[in-house]
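I have placed the structure first, in the form of C-alpha cells, so that the comments after it can refer back to it.
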Amino acid sequence: MAHFNKVLLVDDDDATNFLASLAFKNLAIASEIAVASDGLVACEWIRQNTCPDIIFLDIRMPRMDGFDFLDNFSRMNTCKKVKIIMLTSSMRAEDKKKAFAYNAVVEYIEKPLTEALIQKIADTYFND
C-alpha cells in the first residue's frame with residue numbers, strides 16, 4: 001500500500017487545508033501532515049524540517065504565490081526527491097504550462113483534493 005511519510009499543504013484557504021487534511025486522515029495514508037498558509041511560510045517550514053515526500057501547492061496566495069514559491073524552492077536546492085502537485089482553482093492554460101516548466105511539478109489538478117485523487121497520486125508516485 002502506497003504511503004506518504006510527510007505531506008505539506010500550501011494554501012491560504014483554511015477550508016481547503018482542512019478538507020485535504022481530513023481526506024489524508026480518512027485514508028490513513030500519511031504519517032505527518034503540515035500546513036503552510038502561503039509560499040513564505042512553506043519555505044520557512046522546509047528550512048526547519050526534513051523534506052516532505054509531496055507538496056500540494058496552490059497558485060494564488062498572498063505574500064508569496066505558488067510560482068514565487070517554486071522559484072524559491074528551486075534556488076534552495078534541497079529536497080531533490082520531493083514531488084509537487086499544483087492544487088488550484090486556476091485552469092488557465094498558461095498557468096498549467098508555467099507549472100510544468102518546474103522539474104518538481106508532476107501534476108496539476110483542480111480543487112478540491114479528494115480521497116480518490118490522493119489515492120491515485122499515492123499509487124502513481126509512491127507505490128513501491
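Worth pointing out:
- Accessible surface ranking for Thr114, Thr50, 1.4 angstrom probe, highest first: Thr50, Thr114.
- Residue order for Val10, Val106 - accessible surface, 1.4 angstrom probe, largest first: Val106, Val10
- Three-way shape call for the range 78-125 based on the alpha-carbon gyration tensor, with the a/c threshold at 1.5: oblate
- Label positions at Arg75 and Ala2, each projected 7 Å from the Cα along the C-beta direction, are separated by 3.3 nm.
- Note on the chain: with a GNM built from Cα contacts shorter than 10 Å, the maximum mean-square fluctuation among Met86, Met64, Met76 falls on Met76.
- Under 15 Å, Cβ to Cβ, from Leu70 - net charge with Lys/Arg +1 and Asp/Glu -1: -1
- In this structure, the residue pairs whose Cα-Cα separation is over 18 Å, taken from Lys6/Lys111; Lys6/Lys83; Lys80/Lys120, are Lys6/Lys111; Lys80/Lys120.
- When all protein chains stay in place and ligands, DNA and RNA are ignored, the 1.4 Å accessible-area order of Ile118, Ile109, largest first, is Ile109, Ile118.
- Computed from the C-beta positions of Trp45 and Gln119 and an R0 of 30 Å, the FRET efficiency is 0.75 to the nearest 0.05.
- Springs between Cα atoms under 10 Å define the GNM used for the chain, and in it the highest mean-square fluctuation of Ala93, Ala20, Ala28 occurs at Ala93.
- Rounded to the nearest 500, the 222 nm mean residue ellipticity of the chain from helices alone is -12500 deg cm²/dmol, with -39,500 (n - 2.57) taken per DSSP H run of at least 4 residues.
- Residue with peak Gaussian network fluctuation, the chain [Cα springs, cutoff 10 Å], from Asp68, Asp12, Asp53: Asp68
- Cysteines in the chain lacking a second Cys C-beta under 4.7 Å: Cys43
- Solvent-accessible surface of the range 1-83, averaged per residue with a 1.4 angstrom probe and all protein chains in place: 49 square angstrom.
- Lys/Arg +1, Asp/Glu -1 at C-beta; the chain dipole; positive extreme among Thr78, Phe56, Val7: Thr78
- Atom-type composition of the exposed protein surface of the chain places 51 percent of the accessible area on carbon and sulfur (1.4 angstrom probe).
- Length-normalised contact order for the chain - Cα pairs under 8 Å, 6+ apart - percent: 29
- Cα gyration tensor shape for the chain, rounded if a/c is under 1.5, else prolate or oblate: rounded
The values are calculated or read from the model by the stated rules, or taken from the named source; none is laboratory data. These figures come from a predicted structure and were not determined experimentally. We place every Cβ from the backbone using ideal geometry, glycine too, and count neighbours over all the protein chains shown. Calculation scope for accessible area: heavy atoms of the full protein, side chains included, ligands and nucleic acids excluded. Shrake-Rupley method; radii C 1.70, N 1.55, O 1.52, S 1.80 Å.
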